[in-house]
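The next block holds one structure in the form of structure tokens; read it before the comments.
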Amino acid sequence: MDAVTALVGHPGWLVWVGVKAFLLYLTAVFAMRLGGRRTLAELSAYDFVAAVAVGAVVGRLPSAPDASYLSGAVTLVAILAAHALITWVRLRPAGRRLIEKGPVVVVAQGRVLTGNLHRAGLTRADLDGLLREHGVGEVDAVHLAVLEGRGRLSVLPGDTGRG
């Protein structure tokens with residue numbers, strides 16, 4: 001093998017890498033479109049894992065000399081089928097209870113519910129930062145703050161009858 005081929009690869013191989021990348025990308029886009037519409041802001045943990053796994057396959061497989069397009073397509077379909085199964089299970093009440101965390105009230109009537117805050121894996125500093133993101137400077141100004149199942153904080157500001 002000469003130095004140029006070692007550095008840039010064989011032209012025939014490079015064409016095949018490009019073709020595999022193109023085909024895998026189209027396969028991923030087509031398969032993901034079958035799964036419904038979502039934006040990045042709406043991704044659940046399961047959506048995120050599927051997106052990362054698909055990205056890993058599309059990013060790695062084209063340059064793997066021992067992997068065919070078909071093996072990549074089968075991998076993509078398997079990942080997306082598993083994702084569809086998780087989605088189907090989450091749409092059933094029993095399945096949702098099994099795999100999803102429910103909402104957790106972390107502030108009620110201007111008072112931090114420390115036990116719930118810790119069960120949710122948040123510190124007081126985390127909560128204060130999340131409240132500031134919602135334009136709330138003091139916990140006393142919060143009627144209700146709920147850590148939703150997807151990890152976002154919902155804040156209902158209001159007069160708590162204090163002060």
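The values are calculated or read from the model by the stated rules, or taken from the named source; none is laboratory data. Keep in mind the model is a prediction, meaning the values are calculated, not measured. Using ideal geometry, Cβ is built from the backbone for each residue, glycine included, and neighbour counts are taken over all protein chains shown. Ligands, DNA and RNA are stripped out before the accessible areas are found, and what is left, the full protein with its side chains, is counted by its heavy atoms. Shrake-Rupley method; radii C 1.70, N 1.55, O 1.52, S 1.80 Å.
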In the stretch 120-157, which residues are among the β-branched types (Val, Ile, Thr), in contact with a Ser or Thr (Cβ under 8 Å, 6 or more places away or on another chain) and farther than 12 Å from residue 104 by Cα? 142
Given (1) open to solvent by 40 Å² or more (accessible area, probe 1.4 Å); (2) closer than 30 Å to residue 29 by Cβ, identify the lone condition not met by residue 73. (1)
Among the residues of the stretch 5-15, are any open to solvent by 60 Å² or more (accessible area, probe 1.4 Å) and modelled with pLDDT of 80 or more? yes
Residue satisfying all of: in the stretch 98-120; at pLDDT below 85 and assigned to a loop (DSSP other than H, G, I, E, B); most open to solvent (accessible area, probe 1.4 Å) among these: 101
Any residue in the stretch 80-94 that is under 23 Å from residue 19 (Cα atoms) and touching a residue at least 12 places away in the same chain (Cβ under 8 Å)? yes
Return yes when residue 144 is part of a strand (DSSP E or B) and more than 21 Å from residue 45 (Cα to Cα) and no when it is not. yes
